[in-house]
Structure formats: structure tokens, C-alpha cells
Amino acid sequence: MDALLTAIVVWISANLSIPANFDPPHIEYASPAKMIEMRFHEAHSKTQSANVVGQLPDVVAIYDDKERTIVLPEGWTGTTPAELSVLVHEMVHHLQNVNGQKFECPAAREKPAYLAQDRWLRQFGHTLENDFNVDMFTIVIKSACKS
């Protein structure tokens, strides 16, 4: 896994304006139910509970800033461009975290991660919209700061 994470860091650094950092995150695997529980707890503890219930079904992976941990779904193998793109998305969050990048709100850091994921997928003839039903409008909404 370390070689894969290193390759992804190199790709992100070369293709986006995010500095490379080769301190890898921890990787864990969890059931979909556990991931939903973790996301709900995270959103609720940050008092960003606005429409959290509506966000629960699309928990694909999680990055925990404090623990520097990526949580992937049980059964994740990384054998498809779509599965690898999920890791790319979470690695963007890891690099944002370890590089100390600041955002207007937690949601704002999603846009670079989604754009990186889509760029990764396009190398293989896929798109975020086709593989995950996430279009640009969805990205704008998910990355908007809500007052």
C-alpha cells in the first residue's frame, strides 16, 4: 500500500497545486454502517449537522484529520479506476491536512478533492458523474460553506 500511496502523492503533486508530503496516512477498513456512524458523529461533533441525514447514503470513504487516517469500505481492493479514485480523493484530504491548508469551512476542502478524483478517472475514460453520479453542480453544493 505504501508504494501506491507514494504514487498517488506524486500524481496529485504533479497534477494539482498541492505540495507533496510522503508521510502516509493510516489506512483502515470499515463496514458501510460503521462509516455512516463515523460520518454522522464527525458532522454532528463539528456542529455541521445541517442536512446530515441527507448526506448519509453517499459515504464512500472517510478521512480523519486528527488521526491522519483514511477509512475505506470493507472489500475495497483498488483494482478499478473508480476504487482508486476514492483513495485519490481521500489522499487530497490527507495532503490538505498535513500541509496545513486552511479553508473557509470544512466543506470547502471537498472541491479540490472531487476535481482531483474526476481528473484521475478521466485518465481511464471514466468520469465522476458516470461512476459516482456526482456532477459539477453537486460538487459546488457539497463544497459550499453554509451559514
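Readers should treat all values here as calculations from the given coordinates under stated rules, not as data from a laboratory. Computed from a predicted structure; not experimentally measured. Here the Cβ positions follow ideal geometry from the backbone for every residue, glycine too, while neighbour counts run over all protein chains shown.
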Checklist entry - Given R₀ = 22 Å, FRET efficiency for residue 144-residue 58 by Cβ-Cβ distance, to 0.05? => result 0.90
Checklist outcome for this item: In whole Hz, the Karplus estimates of ³J(HN,Hα) for region 87-103 (6.51, -1.76, 1.60; θ = phi - 60°; x where Gly or Pro) are 5, 4, 4, 5, 5, 4, 4, 4, 5, 4, 5, 5, 8, x, 5, 10, 10
Checklist entry - Measuring from centroid to centroid over Cα atoms, what is the spacing of region 1-19 and region 96-128 in Å? => result 12 Å
Checklist entry - Which cross-chain or sequence-distant (5 or more) residues have an amide H under 5 Å from the amide H of residue 30, H modelled 1.01 Å from N in plane? => result 72, 74
Checklist outcome for this item: Charge dipole of the chain built from unit charges on the beta carbon (Lys, Arg +1; Asp, Glu -1), centred at mean Cα; most positive-end Cα among 113, 1, 85 is 113
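Can you classify the chain as rounded, prolate or oblate using the Cα gyration tensor, where a ≥ b ≥ c are the square roots of its eigenvalues, rounded means a/c under 1.5, and otherwise it's prolate if a/b beats b/c and oblate if not? Don't jump to the answer; show the numbers that get you there.
Values: a/c = 1.26, a/b = 1.25, b/c = 1.01.
Here the chain falls in the rounded category.
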Checklist entry - What percent does the relative contact order of the chain come to when contacts are Cα pairs within less than 8 Å and at least six residues apart? => result 21 percent
Checklist entry - Mean residue ellipticity at 222 nm from the helices of the chain, using -39,500 (n - 2.57) per DSSP H segment of n ≥ 4 over the full residue count, to the nearest 500 deg cm²/dmol? => result -15500 deg cm²/dmol
Checklist entry - Counting DSSP beta bridges with both partners in the chain, what percentage is antiparallel, nearest 5? => result 40 percent
